[in-house]
Amino acid sequence: MKAADADNLKVVAHGRNNFTSWFVADGAISYSSFMTDTLARASGGYGSGLSSSSGSWNASMDGDLASQPPTLASLGVLPPAENEMPTRFVFVRGVHMSAPETNVLNIWQMLGNMWPTALEEDLTNPPGALVSHPGVSALARELFKEIAPHLQTKKPIIFAGHSLGGALGKMLWALSILHGCRPPAQMGVYTYGSPPVLAHTEGGGGERVLEVLGATSSPPVAYVLQHDP
């Protein structure tokens with residue numbers, strides 16, 4: 001926790017279970033940088049981080065609106081009084097096999113359960129539009145219950161994690177949207193060396209997932225790490 005505080009983050013809560021550890025911290029990000037990043041992603045400047053690059057902003061608009069660039073106001077993001085924008089961060093660690101709390105057998109059993117199943121079937125439109133890795137989604141639902149009280153905030157929320165932690169972060173992001181914790185434009189997720197765990201039931205790539213989640217303006221950012229096992 002001292003390391004987080006040293007980086008201008010104040011730890012709000014942290015926990016550990018039998019498959020990961022997590023931290024919730026409050027900090028601030030540069031509003032001007034956030035604006036540049038958000039508008040670039042809304043315009044199709046970044047990949048979706050799901051299973052294919054997201055489409056351009058124009059592709060998601062109809063008629064005369066297609067030629068109009070997005071604004072932060074149109075994305076539901078209001079400018080702060082100062083450049084620094086208070087933000088809540090949720091960090092999820094990858095598997096720590098040597099941790100005494102880690103149930104290695106349970107983790108491998110969950111990861112080995114790979115046949116896609118519906119994600120929050122009753123909360124998507126149309127129902128059952130999204131499928132996910134059942135093992136990872138089960139772990140994510142368990143983790144979501146632990147951190148849900150800390151998602152009740154008016155601040156933007158950023159999820160981040162490496163490896164399994166990134167996969168869990170992406171699932172937490174999707175669950176938070178589906179359960180209405182914050183508007184999609186006010187949440188983000190950054191993953192590092194994480195596997196794909198979310199898809200549309202009819203295929204079609206990450207763009208269709210973003211459309212169901214209403215997150216075409218704020219797709220996940222996925223970093224692929226060279227030589228990362």
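Every number here is computed from the coordinates shown, using simple stated rules; none is lab data. Everything numeric in this text was worked out from a predicted model, so none of it was measured. Every residue, glycine as well, gets a Cβ built from its backbone with ideal geometry; the counts of neighbours run over all protein chains shown.
Brief remarks follow.
- Residues that are surrounded by fewer than 22 Cβ atoms within 10 Å (Cβ to Cβ), more than 12 Å from the chain's Cα centre (by Cα) and more than 24 Å from Gln226 (Cα to Cα) are absent from the stretch 162-171 altogether.
Here is a yes/no grid of residues against (1) touching a helix residue (DSSP H, G or I) at 6+ places or on another chain (Cβ under 8 Å); (2) β-branched (Val, Ile, Thr); (3) touching a residue at least 60 places away in the same chain (Cβ under 8 Å):
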residue	(1), (2), (3)
Trp115	yes, no, no
Asn125	yes, no, yes
Leu130	yes, no, yes
His150	no, no, yes
Phe159	yes, no, yes
Trp173	no, no, no
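- Note on the stretch 115-158: among residues that are surrounded by 19 or more Cβ atoms within 10 Å (Cβ to Cβ) and more than 17 Å from the chain's Cα centre (by Cα), the one that is farthest from Val197 (Cα to Cα) is Ala129.
- Test result for Glu142, closer than 18 Å to Arg88 by Cβ and part of a helix (DSSP H, G or I): no
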